[in-house]
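Shown next, in structure tokens, is the structure this report addresses.
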Amino acid sequence: MSVESHLVTLKDSLSKSLTRFYPLAGRINSDSTTIDCNDEGALFRQAKVSCDMDDFLGQVSSEFELLYRLLPCQLTCPEGVEKVAQVAIQANVFVCGGIALGMCLLYRIVDGTTFGAFIRAWAEIARTNIKAFGGQEQVCDSSSMFPPNERPLLATICALFWKCLASSTASTSVFINFVNIRKRLDPPLPALSLGNIYWLAIAVDDQITKSGKSDENKKELPYFVHLLRNSIKRIDSKYLKNFQGEQGFERICKFHENAKELYSKSGLTLEVSALNRMAFYDADFGWGEPSWMTSAPSYRNEILLIETKSGDGIEASMMLDDHQLAILEHDPDFRAHTRSGRSVHQPAKRQLICNL
């Protein structure tokens, strides 16, 4: 196939895949909570990159911000979410003929599981030229349930970041995990249910004992692992029932009010999203699996975890202040668990990409 044929296939299969995930082809209403399924569609752009893909990837290793040029839009929506497409794609064609897909999705109704399912469905349609992947739409009305066992490796990795960065503050620190709750509900939702169906697992480290002194045991990795596991474990079907039904919305609002108060009093707040089981590398559009997939952090102290293509590690990307990045770069525990990495300077912030 020629590059032109690839682009036609991508565009045509994208249109077909949107029929299965039809809310994504609509627009967010001005209330920011509902969708007008008006079939306005997605944004699909084509761009030419004046170098070979290998040369570009080599330059990205020292200038990570170059990846943002592959995206079809900004990471924020200054014009308002109701005026933009929920799905925006940019097909970047390199001189060598390689293609990099830059994707932006609004997180109003899309979480990592939905994102992964959408990409795999799109790739399947592109590769097989079938008219409707799976034969039916993959949409679940999760709002009817919520009115307007994590793998040990992740808990070790998350605890490692928290332990190292908690040393930058003498006060309370907070670690927030975005937890997929589809299987935690009673009854559980289908694995590919469309929606932003997650909950916040909030773990708190106060660093100070009742005597007013710092507890040295609290600085060890097992302590942070214990806090993280407990915060995730408590999010079960019984806990989630509290946020359903007639009083569910009021309780959800109260939960977020309490969380915001906790963040404001914290000396450090970290947020992590684990995208490691979304099977992004299975997205074969007909000319092979992608050589690399990554996701860009969009705000301070955000950490994104993605499984490496080989499956033998986790790639972490984050946006940190200079002093926080310096702590990680010089922490012996962090260095011991980091196989390779690269950091990028940007005004007022730095990003760190590492494999663990």
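The values are calculated or read from the model by the stated rules, or taken from the named source; none is laboratory data. As the structure is a computational prediction, the values presented were derived from the model and not from experiment. Because the Cβ atoms are built from the backbone with ideal geometry, glycine has one as well, and the counts that use them run over all protein chains shown. Note: accessible area is taken over every heavy atom of the protein model, side chains too, but ligands, DNA and RNA are not part of it. Shrake-Rupley method; radii C 1.70, N 1.55, O 1.52, S 1.80 Å.
The label point for Val81 and the one for Ala336, both projected 7 Å from the Cα toward the Cβ, are 4.2 nm apart. Normalise the Debye intensity by I(0) for region 9-77, one equal point scatterer per Cα, no solvent, then take log10 at q = 0.22, 0.25 Å⁻¹ and round to two decimals. Here the Debye-derived log intensity ratios amount to -1.00, -1.11. Distant-in-sequence amide contacts of Phe44, defined by a placed amide H-H separation under 5 Å and a gap of 5 or more residues or a different chain, comprise Ile89. Length available on full extension from Leu200 to Asp236: 0.36 nm per residue minus the Cα-Cα distance, which gives 11.7 nm. To the nearest 10, the accessible area of His256 is 80 Å² with a 1.4 Å probe. Across the protein chains, with a 1.4 Å probe defining accessible surface, the residues Asp236, Asp205 rank Asp236, Asp205 from largest area downward.
Work out, step by step, the length gained on full extension between Asp52 and Tyr107: first 0.36 nm times the residue separation, then minus their alpha carbon distance; give nm to one decimal. Can you show the working numbers first?
Numbers: separation 55, 0.36 × 55 = 19.80 nm, distance 3.21 nm.
Taking Asp52 through Tyr107 to full extension adds about 16.6 nm, to one decimal.
The Rg/Rh ratio of region 193-314, with both radii computed over alpha carbons and Rh defined as the Kirkwood radius, is 1.04.
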